[in-house]
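Data first, discussion second: the structure below is written as C-alpha cells.
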Amino acid sequence: KWELFASIFFFFSVILLIFLIRRSRIQKLFKVFIKFLIPSFLKDKADAFLDEFYQGFKSLKFSLFLKVLALGLLYYFLIGPAVSYFITLALGIPIPFWYLFLITATAWLIMAIPVTVLGLGTREAVFIYFFSLFNIPAHSAVAFSLLVMFYGILVIALPGAILFLWKTK
C-alpha cells in the first residue's frame, strides 16, 4: 500500500513542478484541454488567465516565493495532516497517520484538477477508494471528506476572504 501512495504522490508532484517551470510545453498541453473542455465563449478568458498567471509567477520576488513556500509547507506537513488525523479520531476511523498523510496529499493533488467546484465528488471518490483499502465504509470516507472541506472553508478560506475584502475597501 505504501508504494502505491508514494507513487501517486510523486507523479502529481512532478506534474505540478513541470507546470510551474515549463511554460511553453504546459501551455500547449492546456491549449488542448481548453480546446476540448472549455466552451468556446470562455476560451479567450481561459487563455488570458493562463497568461496572467505566468506573468504573476515571473514577477514574484524569490524571497517572497520562499516565504510563501515555507508557509505552505508548514501547513502541508504539520497543520493539515494533524487536523485530518484529529477528524479521523473524532469519527472513529482507524487509519494510521502516515497513510492518512499520503491519502490526503493525493486527494489535494487530484482536487487541483479543475473538474468540479471545490473538488466536490472527486475528493470524495479519492477518499472512498483509498479508505476502502483499509475496510473503512464509504459513508465514513464521505463524512471525513466533507469535514475536511468545511474546515478548509471556515478556518482557512473565510478569514482570508474577509481580509481580502477589508483590504480592498
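The values are calculated or read from the model by the stated rules, or taken from the named source; none is laboratory data. Quick caveat: nothing in here was measured; it's all calculated off a predicted structure. Here the Cβ positions follow ideal geometry from the backbone for every residue, glycine too, while neighbour counts run over all protein chains shown. All accessible areas refer to the heavy atoms of the entire protein, side chains included, with ligands and DNA or RNA removed. Shrake-Rupley method; radii C 1.70, N 1.55, O 1.52, S 1.80 Å.
The table below gives the values:
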item	result
Criterion: in contact (Cβ under 8 Å) with a residue 12 or more places away in the chain, of a type in the set (A, V, I, L, M), open to solvent by 70 Å² or more (accessible area, probe 1.4 Å) and more than 20 Å from I8 (Cα to Cα) - qualifying residue of L66, L118, L78	L118
Residue list for the range 80-100, restricted to those being β-branched (V, I, T) and assigned to a helix (DSSP H, G or I)	V83, I87, T88
Selected residue (only one of F53, F36 is part of a helix (DSSP H, G or I), open to solvent by less than 90 Å² (accessible area, probe 1.4 Å), modelled with pLDDT under 75 and out of contact with any helix residue (DSSP H, G or I) (no Cβ under 7 Å at 6 or more places or on another chain))	F53
Among residues of the range 81-109, those that are open to solvent by 40 Å² or more (accessible area, probe 1.4 Å) and either within 18 Å of the chain's Cα centre (by Cα) or among the hydrophobic types (A, V, I, L, M, F, W, C) (or both), counted	9
Close pairs from the range 144-169: first touching a residue at least 40 places away in the same chain (Cβ under 8 Å), partner of a type in the set (F, W, Y), Cβ under 8 Å, at least 6 apart	F144/F127; F144/F131
